[in-house]
Amino acid sequence: MPIPVLTFFNNKGGVGKTSLVYHLAWMLSDLGYRVLACDLDPQANLTAAFLDELFLEKLWGDKATHASAKTIMQCVQPLMRVHDLQSPQIAEIAPTLRLIPGDLALAGFEDTLSVEWPIALGSTDLYRAFRVLTAFSTVMQDGAKEMDASIILADVGPNLGAINRSALIATDYIIVPLGADLFSLQGLRNLGPTLNKWRNDWNQRKEHWKEPEFPLPNGDMKPVGYVVQQHGVRLDRPVKAYDKWVNRMPAEYARNLLDDHEGPYAENPAADKKNALATVKHYRSLVPMAQEARKPIFHLKPADGAIGAHATAASSASLDFKILAKTIIDRIGIGEVF
């Protein structure tokens, strides 16, 4: 059975998406789940959160060999020539947490994906077209099998291009991180129709290849819910300005992601028990501390500088992310860890 893939996606950047993936990967691991994180964003910010610069310099400088594809790009790059995929050599972050590192060079795979998309509906040999289009799915499932993962968490960039389309083909569940602004609202309006189109287009391609020669992902892209990043206090943006946009999120999410145009809709995310997963705090003072220590904010200790109010905030973050992680697990039905 394929391991479930949960992707965090919004075509609006700056909504705390990568930080959310990073902290949830750690929290799920802390709760006993075996987690494989995969960085499918060409900016590779998730990879930079997990790995230090010295490691990254060596990682990105190495040339892949037959058995040492250490980044997502090194895994898929042979497809840009005449070779097949390479299995990932996943990075161990913790005993129950692994990473398929991202790669700044991944942007170069975009053209290959774009070329093969229409070919998958052609009348010639379809093997290569589907091998390319499902490359991310194959790499993630191979990595998950290697570590006996319970779940795969994927981070993607904030765009609607061919790389993200291929990433979403590999996706079973989607969580949408949102900010409190007009841009996030517009992002929801773009995201819903795009996901519907990609889902339908992929189903059409799967039906076109009547006898596939290797397993194809379902591409369900099922929306699980949304997470709102809590605003900070800014003199130039009064609280009312944030509430104006946040309170419209429940209706926009339901209309655009769930095709629910009748309602009734919750008045705000706090009242949206159906689709709102959480409101995530900024934890502004803890972020640089956690980045320097290269650990999630809820792992910060007095030795890292988390004393007094910082220690209290770190403890609060632990509870918040634990509740969010358990909510997600319950919604996608992975089950308890024994």
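Summary table below
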{"read-out": "Neighbours by Cβ (under 7 Å, 6+ apart or cross-chain): first from the stretch 27-47, over 16 Å from residue 171 (Cβ atoms) and polar (S, T, N, Q); second at pLDDT 95 or above and open to solvent by 10 Å² or more (accessible area, probe 1.4 Å)", "value": "29/94; 29/96"}
{"read-out": "Residues being out of contact with any Phe, Trp or Tyr (no Cβ under 7 Å at 6 or more places or on another chain) and open to solvent by less than 20 Å² (accessible area, probe 1.4 Å) - total across the stretch 23-49", "value": "12"}
{"read-out": "Matching residues, the stretch 110-159, being more than 18 Å from residue 75 (Cβ to Cβ), polar (S, T, N, Q) and under 19 Å from the mean Cα position of the chain (by Cα)", "value": "150, 159"}
{"read-out": "Condition broken by residue 132, with the remaining ones in (1) open to solvent by less than 10 Å² (accessible area, probe 1.4 Å); (2) modelled with pLDDT under 95 satisfied", "value": "(2)"}
{"read-out": "Of all residues making up the stretch 1-35, the number that are part of a loop (DSSP other than H, G, I, E, B) and touching a helix residue (DSSP H, G or I) at 6+ places or on another chain (Cβ under 9 Å)", "value": "13"}
{"read-out": "Residue list for the stretch 208-239, filter: at pLDDT below 80 and of a type outside the set (A, V, I, L, M)", "value": "230, 231, 232, 234, 236, 237, 238"}
{"read-out": "Odd one out for residue 53, checked against (1) free of Cβ contacts under 8 Å to residues at least 60 places away in the same chain; (2) under 24 Å from residue 225 (Cα atoms)", "value": "(2)"}
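The values are calculated or read from the model by the stated rules, or taken from the named source; none is laboratory data. Being a predicted model, the structure only gives us computed values, none of them experimental. No Cβ is skipped: glycine too gets one built from the backbone with ideal geometry, and neighbour counts run over all protein chains shown. These area figures cover heavy atoms from the full protein model, side chains too; ligands, DNA and RNA do not enter into them. Shrake-Rupley method; radii C 1.70, N 1.55, O 1.52, S 1.80 Å.
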